[in-house]
Amino acid sequence: MMPMHNLSDPNTWPDQYGDVLYRHAYFRLRDAMQAEEMVQETFLAALKSSDRFAGKSSEKTWLVGILKHKIVDHIRKAVRERPHEDDHMVFDPLEQESFDGSGHWKIDVKQWTQPDASLEQQQFWQTLEACVARLPQRLATLFILREIDNIDSETICKEMALSTTNNLWTMLSRMRMRLRQCLDQQWFGRTET
């Protein structure tokens, strides 16, 4: 094995980065055991490929990058093995509840007037995480890939075994609608005490 470029002792990685990597994996997978497994696989892959670390990013960023690839591989495998129950949904009652007969929002979206202030608050991110956890698994996975990991549509269709981008856009619409409704109830519609 070639010498590691500016890497700390791999024995210290669990203490230094374990919590950060675990939170990252848990948010994406919503399963504690799978998150732990992804972190372990990340450390193992990093150890095996340490000679390729060029020092162009921080050690933490490098490890998070490895973890993201491990999670995408895990999701790809899980999608192949799981039936696609969400793909054929035609009617979503949340969509009908949210709009009136003329297609306008039934709720007062003016409450969402200070998004920058909300984004700066850690409580908002905790609420968003809870809302993502309430989504069906495939929609939560889609949210993570699209909005958090910024994966392009073509890759998402491949990774999630979606037959067309129309399925993707339908699922994105459902995912956003459900998150909007949850955030409206749990964050923007709440009363301050």
Has segment 101-120 got at least one residue that is assigned by TED's automatic domain parsing to the domain that holds ARG180, over 17 Å from CYS182 (Cα atoms), at pLDDT 60 or above and not in a loop (DSSP other than H, G, I, E, B)?
yes
Starting from residues that are among the aromatic types (Phe, Trp, Tyr) and in contact (Cβ under 8 Å) with a residue 40 or more places away in the chain, keep the ones in segment 6-23 and report whichever is farthest from HIS69 (Cα to Cα).
TRP13
Here the residues within segment 24-56 that are free of Cβ contacts under 8 Å to residues at least 12 places away in the same chain and either over 23 Å from ILE75 (Cβ atoms) or basic (Lys, Arg) (or both) are LYS48, ARG52, LYS56
Taking the condition more than 13 Å from ALA25 (Cα to Cα), under 17 Å from the mean Cα position of the chain (by Cα) and part of a helix (DSSP H, G or I), does ARG80 pass?
no
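Every residue, every condition in (1) within 19 Å of HIS69 (Cα to Cα); (2) in the same structural domain as LEU67 (by TED's automatic domain parsing); (3) crowded, with 18+ Cβ neighbours inside 10 Å, yes or no:
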{"position": "GLU129", "(1), (2), (3)": "no, no, no"}
{"position": "LEU135", "(1), (2), (3)": "no, no, yes"}
{"position": "ARG138", "(1), (2), (3)": "yes, no, yes"}
{"position": "SER153", "(1), (2), (3)": "yes, no, no"}
{"position": "LEU172", "(1), (2), (3)": "no, no, yes"}
{"position": "MET177", "(1), (2), (3)": "no, no, no"}
{"position": "ARG180", "(1), (2), (3)": "no, no, yes"}
Among the candidates LEU63, LEU67, LEU94, LEU47, which residue alone is over 22 Å from the mean Cα position of the chain (by Cα), part of a helix (DSSP H, G or I) and either under 24 Å from ARG28 (Cα atoms) or modelled with pLDDT of 85 or more (or both)?
LEU47
Go through segment 139-167 and give me each residue that's over 11 Å from the mean Cα position of the chain (by Cα), assigned to a helix (DSSP H, G or I), more than 12 Å from VAL72 (Cα to Cα) and touching a residue at least 24 places away in the same chain (Cβ under 8 Å).
ASN167
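The values are calculated or read from the model by the stated rules, or taken from the named source; none is laboratory data. None of the values given here were measured: they were computed from a predicted structure. All Cβ positions, even for glycine, are placed from backbone atoms using ideal geometry, and neighbour counts span all protein chains on display.
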